[in-house]
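**Q** Below is the structure I would like to discuss, written out as structure tokens.
Nothing in this text is a laboratory measurement; each read-out follows from the coordinates by a stated rule. Worth saying up front: this structure is predicted, and the values here are computed from it rather than measured. Cβ coordinates were reconstructed from backbone atoms using ideal geometry, including for glycine residues, and neighbour counts include every protein chain displayed.
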Amino acid sequence: MYLRKSKGKAGITRQRKENRAYADRIGWRIVAEFAEPDTTAFAKIGEEDAPRPEFDKMIEFLGRDDRNPPLGILAWHVDRLSRNSGEVRPFAAVCVKGGHLVDTPRCGSYDLSLPNNRKRFRDDVSDAEGEVDHMIERIDAHKAEAAAEGRWLGGRRPFGFKKDGTRHRRSEAAAIAKACKDVLAGTSLASIAREWNAAELRTSGGNEWDPTEVRRVLLRARNAGLMVWRGEIVGKASWDPIVKERQWRAMVRVLEDPARRSTPGPERRWLGSGLYVCGVCEQARLRVGTANGGYPTYRCRGQGVHVSRAAGPLDEYVGEHVVGRLSRPDARDLLMDDDRADREELEARLLELRAELQEAESTPARSVREARKLAEVADLLAAEITEVEGKLIRPDRAAILRHLIEADDVGEAWLETPLDRQQAVLRALFTVTIHPAPKGRPPGWKPGQPYFHAESVAVEPV
């Protein structure tokens, strides 16, 4: 007996009950059951068939069975067995080879060794396939109309909203709004996940948060009151936004920055891990390992160890530069610097460049020479697009630095700032390059102190 339900388990019990009653009437005995809730037997044109592991197990089970008389297959309706015309031939081949009859309470019996029965089975499967095709067409038309009007398309309750998908759930919406600001300020997704879990917030499915799930929720355009249809933003939604569109788009640029680590691995414990640059190869980023003496050490991971420096004193030295810069009287100028009036100009320029690139790529060339010229133009446009996108990807410096600049004691506030936020501050202010240090003890060295050569550390404003 094969049982299948496309969505949920409701209906499986009804199928089983009716099948058993039918089996009793025709004198069949159930020897095995294969049930698949939440499983479709339909495949869209051009897409792979959906996996049906229990169906495959049933076919394998029939292939191994050699009893006489052979087993039959019982399903409530032919559309439980298949809604895919492409499956008919291989399924019929199994049934014919093993002498397996197909019987259903709703569609009657099929002896697939007979041509007329194969035709009727094939036609019934095709009808079931066409029914789903037409149903999808109706649903798509309804959803397209709803999307054009900015109405919710239904589905599981989105985090941040009530069951109707339009009204905000206050605590969750507040968490999303704060998280957007935190991302712009340099907070990691792992930190946000821990914060949400500590606040006993849960996903719409009732699970705890991890960085991947937090990222998925924050990237939703619906949080900015925007409507998405088939992966594209098509206009304003009918519900109120949780965050302003401009803020949401800025956060998206940060999260989708190619330079951002998608799999951060173990949480960093050192300020410059992955940030400090090797002064020899000028490319490799320094990571912290353990030196022979057992103390943490920054090392270049390029070909050979170009530079090596004790982690604690180096981080302390760089931290002093950060605190010193943010304690200066002109520190507030850093906040004004980020209120860039040219952001809108950059965004407008980006749209122009993309349009020009599309035109260059679609313009037919009348000669080899013209084709080369168009390719050169396309390369130049692509390079400028990358440059403009890089400027837009940078998170707002004001959001990163404000809590330190406005603190009564910058040094104390720096020490209390979480590491991920400290790293964001460092990225916003300085590039730190570690050059080889001279051998020997530095001037003023005292027994028990590490060897630290400050003159070999270049801390330069970005």
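**Q** What angle, in degrees between 0 and 90 and rounded to the nearest 10, separates the Cα long axis of helix 419-429 from the longest principal axis of the Cα atoms of the chain?
**A** So the inclination is approximately 60 degrees.
**Q** For a Förster distance of 60 Å, can you work out the FRET efficiency between the beta-carbons of Ser238 and Arg25, rounded to the nearest 0.05?
**A** On the way: r = 53 Å, r/R0 = 0.89.
Given R0 = 60 Å and the Cβ-Cβ separation, E is 0.65.
**Q** Follow-up. Using Cα pairs closer than 8 Å and at least 6 residues apart in sequence, work out the relative contact order for the stretch 173-231, in percent.
**A** 29 percent
**Q** Arranged by the count of other C-beta atoms within 10 angstrom, fewest first, what order do Tyr276, Tyr22 take?
**A** If I rank by nearby Cβ atoms, fewest first, I get Tyr22, Tyr276.
**Q** What lysines does Lys9 reach when the alpha-carbon gap must be under 18 Å and sequence neighbours fewer than 8 apart in one chain are set aside?
**A** Qualifying lysines at Cα under 18 Å: Lys17.
**Q** Report the FRET efficiency, 1/(1 + (r/R0)^6), for Trp229 and Lys439, where r is their Cβ-Cβ distance and R0 is 51 Å, rounded to 0.05.
**A** 0.20
**Q** How many nm separate the modelled label positions at Arg202 and Lys446, each set 7 Å beyond the Cα in the direction of the Cβ?
**A** Roughly 5.7 nm, to one decimal.
**Q** What's the longest piece of the chain with no exposed GluC sites (Glu not before Pro), counting a site as exposed if DSSP puts it in a loop and it has at most 16 other beta carbons within 10 Å?
**A** On the way: sites that count: Glu33, Glu47, Glu48, Glu149, Glu200, Glu208, Glu256, Glu267, Glu282, Glu406.
Looking at the chain, 283-405 is the longest stretch - no exposed GluC sites (Glu not before Pro) with at most 16 other Cβ atoms within 10 Å.
**Q** Can I ask one more? For the chain, calculate the relative contact order in percent as a whole number, restricting contacts to Cα pairs under 8 Å that are 6 or more residues apart.
**A** Details: 597 pairs, mean separation 49.5, N = 462.
Across the chain, relative contact order equals 11 percent.
**Q** Sticking with this one: State the extension gain, in nm to one decimal, for the chain segment bounded by Glu347 and Ile12, taking 0.36 nm per residue of separation less the distance between their alpha-carbons.
**A** So the chain would gain 115.2 nm between Glu347 and Ile12.
**Q** Please compute the length gained on full extension between Arg169 and Asp330, using 0.36 nm multiplied by the number of residues separating them and subtracting their Cα-Cα distance.
**A** In short, 53.8 nm is gained.
**Q** Continuing with this model, one more query. Once you compute Rg and the Kirkwood Rh from C-alpha atoms, what is the Rg to Rh ratio for the stretch 2-145?
**A** Using Cα coordinates only, the ratio equals 0.97.
**Q** Principal axis lengths of the stretch 71-211 from Cα atoms, whole Å, largest first?
**A** Projected onto its principal axes, the Cα set of the stretch 71-211 covers 71, 36, 26 Å.
**Q** Would you please calculate the Kirkwood hydrodynamic radius of the stretch 170-255 over all C-alpha pairs and express it in Å, rounded to one decimal?
**A** Answer for the stretch 170-255: a Kirkwood hydrodynamic radius of 13.2 Å.
**Q** Dipole magnitude of the chain about its Cα centre, charges +1 at Lys/Arg Cβ and -1 at Asp/Glu Cβ only, in debye to the nearest 20?
**A** With Lys and Arg at +1 and Asp and Glu at -1, about 1380 debye.
**Q** Hey, what D do you get for the stretch 90-139 in µm²/s if you plug the Kirkwood alpha-carbon radius into Stokes-Einstein at 37 °C and 0.692 mPa s?
**A** Values: Rh = 11.9 Å.
Estimated diffusion coefficient is 276 µm²/s.
**Q** Please sort by residue number the trypsin sites (Lys or Arg not before Pro) in the stretch 1-101 whose DSSP state is loop and whose Cβ has at most 15 other Cβ atoms within 10 Å.
**A** Counting only loop positions with at most 15 other Cβ atoms within 10 Å, the trypsin sites (Lys or Arg not before Pro) in the stretch 1-101 are Lys7, Lys9, Arg29, Lys44, Arg67.
**Q** Taking a spot 7 Å from the Cα of Asp133 along the direction of its beta carbon, which residues of the stretch 1-37 have an amide N less than 15 Å from it?
**A** Taking a point 7 Å out along Cα→Cβ of Asp133, no residue of the stretch 1-37 has its backbone N under 15 Å.
**Q** Output needed: Cys residues of the chain lacking any neighbouring Cys C-beta below 4.7 Å, sorted by number.
**A** Cys95, Cys107, Cys180, Cys281
**Q** Let me ask something else about it. Roughly how compact is the chain, stated as its Cα Rg over 2.2 N^0.38 Å to two decimals?
**A** Normalised Rg, Cα atoms only: 1.42.
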